[in-house]
Amino acid sequence: MSITLSPEDQKKAEDLVASGRFSSINDALHAGLEAIEEDPEWQEYARDRIAAGLEDIKAGRTVPAEEVLAKLRTYDQKA
């Protein structure tokens, strides 16, 4: 599976890891998914973000998966 985060969301995830709150971006995203399951407001937020992401894809505003994976690997090595 491959995902593309907006620059803002990527920075948020990176900041959460840098702060020590999470040991990896994967852990931060996992916590977010758990929150979505528990909170209807998060469900609405997630739907909106997914819709925005799909619009970005249609408009060609994407980052190649290889580039995202390479960056994620550098974070994994730092942890």
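The values are calculated or read from the model by the stated rules, or taken from the named source; none is laboratory data. Note that the structure is a prediction, hence the values are computed from the model and not measured. Positions of Cβ are generated from backbone atoms using ideal geometry, with glycine treated the same way; all protein chains shown enter the neighbour counts.
So which residues in region 1-22 are outside any helix (DSSP H, G or I) and of a type in the set (A, V, I, L, M)?
Scanning region 1-22 gives M1, I3, L5.
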Query raised in the report: If you go through region 43-51 one residue at a time, do you hit one that is surrounded by 11 or more Cβ atoms within 10 Å (Cβ to Cβ) and either among the aliphatic types (A, V, I, L, M) or touching a strand residue (DSSP E or B) at 6+ places or on another chain (Cβ under 9 Å) (or both)?
Result: yes
Requested in this report: Quickly run through region 23-57 and pick out the residues that are touching a helix residue (DSSP H, G or I) at 6+ places or on another chain (Cβ under 8 Å) and outside any helix (DSSP H, G or I).
Outcome: S23, S24
Query - Only one of S2, S24 that is closer than 19 Å to V68 by Cα, at pLDDT 90 or above and of a type in the set (S, T, N, Q) - result: S24
**Report entry** Extreme residue, modelled with the lowest pLDDT, among residues of region 53-79 that are of a type in the set (G, A, S) and under 23 Å from V17 (Cβ atoms)
**Finding:** A79
Report summary line: Output for Cβ contacts, cut-off 8 Å, separation at least six or different chains, first residue small (G, A, S) in region 39-50, second at pLDDT below 85, reads A46/I36
Query raised in the report: Under 7 Å by Cβ, and 6 or more places apart or on different chains, what pairs join a residue from region 62-79 that is over 14 Å from P7 (Cα atoms) with one that is modelled with pLDDT of 85 or more and outside any helix (DSSP H, G or I)?
Result: Y75/S24; D76/S24; A79/S23; A79/S24
